[in-house]
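Worksheet for the structure shown next.
The values are calculated or read from the model by the stated rules, or taken from the named source; none is laboratory data. Fair warning: this is a prediction, and the values are worked out from it, not measured in the lab. Cβ sites come from the backbone with ideal geometry, for glycine too, and all protein chains shown count toward neighbours.
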Amino acid sequence: MVNEKNTFSIYFRINKKYWLIRITVLLTLIIIVIFSFLMVWAAYSDLSRYILSNKLCLSVTLLYPVYLISLYMNDHGLPIENILTTLALAVVLFIVCAGFFALNIMGGGDVKLIPAVALWAGTAHILPYLFITSVIGGLFAALILAKNRLNNSKSYKSSANINLSVAEIKESVVPYGVGIAMGGLYVAYNLIVTFNQKAT
């Protein structure tokens, strides 16, 4: 009878540990999916309204420490040196982007979202993330400039109507958020692949 009780107790502890591991693994994956959704929302928002809201940028930033905690719960926590290096890179990116903002090259939302996503990219994916963001952002800029030149060549503006309308100003805005979102989705995909490899 004692052996049966001990066997049941051991089985219960093992089963409990198994389900706790499954729950924490699922939690990490859900967090990455939420991050991916925020990236899709960023692309849609920037394309439709040319806006990357403070709420969106803050959500991406605050979700990152929750992600780190979930990794530690799974015994897959990142080294402290890695986290500190990532934070330093994000700060440097913010300073650089703030310089672009001062030169009127980049919008305020872009300045905040780029370093926020860089936190998720970490040292492992920061370079591909920046490359994808730059390439897609550059392609959008080229397409919009080409479209504006085509429109300008078709329409005659007199000296009396030299000021741009609000609609025309919007047409000259480049939605860099799309490039940032694509880079972020690349990061999310790699985070899921890497996590699955460690979890199995």
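Numbers below:
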| item | result |
| --- | --- |
| TYR72, sole failed condition from (1) surrounded by fewer than 17 Cβ atoms within 10 Å (Cβ to Cβ); (2) not in a helix (DSSP H, G or I) | (2) |
| Number of positions in the stretch 75-92 that are of a type outside the set (S, T, N, Q) and in a helix (DSSP H, G or I) | 10 |
| Unmet criterion (only one of (1) buried (at least 19 other Cβ atoms within 10 Å of the Cβ); (2) modelled with pLDDT of 90 or more) for ILE192 | (1) |
| Members of the stretch 55-79 that are polar (S, T, N, Q) and either under 14 Å from GLY122 (Cβ atoms) or under 14 Å from the mean Cα position of the chain (by Cα) (or both) | SER59, THR61 |
| The lone exception for VAL166 - which of (1) among the aliphatic types (A, V, I, L, M); (2) modelled with pLDDT of 85 or more; (3) closer than 27 Å to ASN54 by Cβ it fails | (2) |
| Test for SER45: is it under 22 Å from ILE136 (Cα atoms) and either at pLDDT 95 or above or among the charged types (D, E, K, R) (or both) | no |
| Only listed residue being within 13 Å of VAL117 (Cβ to Cβ) and modelled with pLDDT under 95, chosen from LEU52, LEU63, LEU56, LEU93 | LEU52 |
| Hits in the stretch 103-124 - residues which are in contact (Cβ under 8 Å) with a residue 60 or more places away in the chain, in a helix (DSSP H, G or I) and among the hydrophobic types (A, V, I, L, M, F, W, C) | LEU113, ILE114, VAL117, TRP120, ALA121, ALA124 |
| Filter result (outside any helix (DSSP H, G or I) and surrounded by fewer than 18 Cβ atoms within 10 Å (Cβ to Cβ)) within the stretch 24-69 | TYR50, ILE51, SER53 |
